[in-house]
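Notes follow once the structure below has been shown.
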């Protein structure tokens, strides 16, 4: 199972980040020195992905523009001796083969993934949600790809969440696998369960490796939670038809679709930056002393 393609659903309206997202796609909000979606694409590339499809909507052409060449800007930067900046501008356009398709109606995550059917064909593919940023020594998508290839199975990323948080996610029914501490067999799941409905506190968190079999399932999946076509409902059918594993991935996940998660990610990633990290650390310490 060689995973060469990835799908990034990025068609949401960004209502949790208004008013900034009234005119700026939430995926294009700057986190330190580059937009959120660039971190996601860099993770995919570091995981061996070659072709990436971004599912957008009519208000998100800024993403297409960003991952394109800008000859006039590059020429001006080079003339002014700003070689590092020119290299960064060109690098963002050369990360991967990036394609786009629009989700013409807001019908849910499952419908957004279904829009990738022609792009994916019969190949396995990764899904990286456009709100979820991961900080990990080994890319989280790569952790899933390795597990999927090892077991010839679909894979979902998971971590334990608190009782009060599980109702915001998909809860997994899992069984241990021999000689594995962080990989489990998946036999069922449900979307945004109540505490009584949950299978476990293992929640699906933003990363998947799937087979093309999901497309026929999603095509016949009726609207579920919130009146939308839910990916979880499709995965629930898929895990009963073919093997699926859950990977308790190593790393931290940030939900940049809300202000608190966005600020946490911005600060943590800035602290790891070689240029501004030391300054920011001292700045935070000085601020804390004054409280």
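The values are calculated or read from the model by the stated rules, or taken from the named source; none is laboratory data. For clarity, every value in this text was computed on a predicted model and none was experimentally measured. Note: ideal-geometry Cβ built from the backbone for every residue, glycine included; neighbour counts use all protein chains shown.
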Which one of the conditions (1) touching a strand residue (DSSP E or B) at 6+ places or on another chain (Cβ under 8 Å); (2) part of a loop (DSSP other than H, G, I, E, B) does residue 92 fail to meet, given that it meets all the rest?
(2)
Identify all residues within segment 76-91 that are surrounded by fewer than 14 Cβ atoms within 10 Å (Cβ to Cβ) and within 18 Å of residue 32 (Cα to Cα); write none if there are none.
84, 87, 88, 91
Do you know which of the residues in segment 1-40 that are touching a strand residue (DSSP E or B) at 6+ places or on another chain (Cβ under 6 Å) and not in a loop (DSSP other than H, G, I, E, B) is surrounded by the most Cβ atoms within 10 Å (Cβ to Cβ)?
6
Anything in segment 103-126 that is surrounded by fewer than 15 Cβ atoms within 10 Å (Cβ to Cβ) and either on the phi > 0 side of the Ramachandran plot or in contact with a strand residue (DSSP E or B) (Cβ under 7 Å, 6 or more places away or on another chain) (or both)? List them, or say none.
121, 123
Would a scan of segment 225-235 turn up a residue that is in the same structural domain as residue 115 (by TED's automatic domain parsing), closer than 30 Å to residue 2 by Cβ and free of Cβ contacts under 8 Å to residues at least 24 places away in the same chain?
no
Find all pairs meeting these conditions: Cβ atoms under 6 angstrom apart; at least six residues apart or on different chains; first residue within segment 1-15 and at pLDDT 90 or above; second residue assigned to a loop (DSSP other than H, G, I, E, B) and exposed (fewer than 15 other Cβ atoms within 10 Å of the Cβ).
4/50; 5/123
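Which residue, of 149, 180, is surrounded by 14 or more Cβ atoms within 10 Å (Cβ to Cβ), assigned by TED's automatic domain parsing to the domain that holds residue 125, over 26 Å from residue 255 (Cα atoms) and without any contact (Cβ under 8 Å) to a residue 24 or more places away in the chain?
On the way: 149 fails: without any contact (Cβ under 8 Å) to a residue 24 or more places away in the chain.
When all the criteria are applied, what remains is 180.
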Tell me which residues, restricted to segment 57-75, are surrounded by 15 or more Cβ atoms within 10 Å (Cβ to Cβ) and modelled with pLDDT of 90 or more.
66, 67, 70, 74
With the requirement that a residue be assigned to a loop (DSSP other than H, G, I, E, B), buried (at least 17 other Cβ atoms within 10 Å of the Cβ) and touching a strand residue (DSSP E or B) at 6+ places or on another chain (Cβ under 8 Å), what does segment 202-232 give you?
211, 224, 230
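Out of all the residues in segment 55-74, is one or more at positive phi and in contact (Cβ under 8 Å) with a residue 60 or more places away in the chain?
The answer is no, given that none of the residues of segment 55-74 is at positive phi and in contact (Cβ under 8 Å) with a residue 60 or more places away in the chain.
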